[in-house]
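Each value in this text was obtained by applying a stated rule to the coordinates, not by laboratory testing. It should be emphasised that the depicted structure is a prediction, and the values quoted were computed from it without experimental measurement. We place every Cβ from the backbone using ideal geometry, glycine too, and count neighbours over all the protein chains shown.
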Amino acid sequence: MSDHDITTTDTRLVYENRWMRVREDRVRRRDGSPGLFGVVEKTDFVTVAAVQDGMVHMIEQYRYPVRRRYWELVQGMWEDRPGTDPRELARAELREETGLRAAEVTYAGRLFLAYGFCTQANHVFLATGLTPGEASLEPEEQDLITRAFPLAEVEGMIREGVIEDQSTVAALGLLRLKGML
């Protein structure tokens, strides 16, 4: 066996578009038994908590797969530019979705979105020293609303189930645990 607990014996591409690839891997486990994994390959993304004077800048947008509007932190990826410096991406997404420019963009850490089936990681940032500007929304974001909430209200929205986005909840939790909020 290799250094890995599971060895890939065969792989095939099942589906691909500009945002993701889905593959099916046949594997052999350490004990020799066969297995099958469906794997979603996606470019890493960023989640940005833009905070100033106790206010957290959130966005609300319609999320087609679940057919509802939700409040969440700024998030995004550049599917056509994998490997982009996450800090550069965080600044760009913040500016694009809210118009805000940040004097400081501090890296908090990396979390995997759902590593049981997906390769995508989430790079979490805290943006401070905010200056307002003009947003530059993509067509998919045309219904996006941005608003600043007191941090205590955001935490209440999480407790009450108003905010259900795991990336937002995990990012705020990580920032809180690291003493950054």
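Details
- Considering only chymotrypsin sites (Phe, Trp or Tyr not before Pro) in DSSP loops that have at most 16 other Cβ atoms within 10 Å, the longest stretch of the chain without any of them is 118-181.
- Longest DSSP-loop-exposure-free segment, GluC sites (Glu not before Pro), the chain, at most 11 other Cβ within 10 Å: 1-133
- Across the chain, the longest piece that holds none of the trypsin sites (Lys or Arg not before Pro) lying in DSSP loops with up to 16 other C-beta atoms within 10 Å covers 68-177.
- Computed over the chain, the per-residue total of -39500 (n - 2.57) for DSSP H runs of n ≥ 4 gives a 222 nm mean residue ellipticity of -5500 deg cm²/dmol, rounded to 500.
- Label-point separation, Val39 to Ala135 (7 Å along Cα→Cβ), nm: 3.6
- Between the alpha-carbon centres of segment 61-96 and segment 145-170 there is a gap of 16 Å.
- Assigned charges on the beta-carbon of Lys, Arg, Asp, Glu; segment 43-176 dipole about Cα centre (debye): 300
- For the chain, relative contact order (Cα pairs under 8 Å, six or more residues apart, normalised by length) works out to 22 percent.
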